[in-house]
Each structure stands twice: as C-alpha cells, then as structure tokens.
Amino acid sequence: MMRQCQLTGKKANNGISISFSHKMHKRLQHVNLQNKRIWWAEGKRFVTLSISTKAIKTLQKKGLSAFAKEAGLDLNKL
C-alpha cells in the first residue's frame with residue numbers, strides 16, 4: 001500500500017538535504033501516517049484508516065461521514 005493518507009490524499013514530498021560541506025542529496029519527506037480505528041456512527045461499526053495526523057485533527061472537527069464524503073471514500077467497502 002502506498003504511503004498516502006486515505007482522507008486527505010497527502011503523500012511524500014520531494015526535498016533536499018544539505019550537509020555541512022553543502023553537498024546536496026535528494027530525499028523524501030514522508031507524511032506522518034497513523035493507523036486509526038475510528039467509530040463510524042452511521043454504519044454502527046469501527047473503520048480502520050491510514051490517515052495523517054493533520055487529518056485526525058480535521059476529523060474531530062468535521063466528523064467521519066462528512067470528511068469521507070469530501071474525499072470520495074466509500075466507508076462501506078472498508
């Protein structure tokens with residue numbers, strides 16, 4: 001599975017690490033993903049999602065059903 005948030009779609013960002021001697025090396029800045037088991041009230045069951053920490057904060061504000069609808073995610077298939 002790709003390292004990508006299921007709700008926001010965030011994925012790794014390209015970056016450059018620079019050493020003290022100013023040598024540049026390409027690197028990836030990965031998303032802080034967490035596997036969370038979240039209660040889905042409409043489905044009356046738990047849903048396991050791989051989501052970013054930013055999405056967890058937004059999830060508390062909006063609610064799971066509204067956030068999944070925005071993302072185009074079908075919770076019945078999870």
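The values are calculated or read from the model by the stated rules, or taken from the named source; none is laboratory data. Everything quoted here is computed from the prediction, not taken from an experiment. Note that we place each Cβ from the backbone using ideal geometry, even for glycine, and neighbour counts take in every protein chain shown. Surface accessibility is based on the protein's heavy atoms, side chains included, excluding ligands, DNA and RNA. Shrake-Rupley method; radii C 1.70, N 1.55, O 1.52, S 1.80 Å.
For the chain, report the accessible area per residue in Å² (1.4 Å probe, heavy atoms, rounded to an integer).
Details: 6110 Å² over 78 residues.
Heavy-atom SASA per residue in the chain reads 78 Å².
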For Lys62, the lysines lying under 26 Å Cα to Cα, once residues fewer than eight places off in the same chain are dropped, come out as Lys10, Lys11, Lys36, Lys44, Lys54, Lys77
Could you sort the peptides 16-26, 67-77, 49-59 by per-residue average Cβ neighbour count (10 Å cutoff), highest mean leading? 49-59, 67-77, 16-26
Nearest 10, in degrees from 0 to 90: the angle of helix 53-62 to the longest Cα principal axis of the chain is 30
Inverse mean reciprocal Cα-Cα distance (Kirkwood Rh) of the chain, Å: 14.1
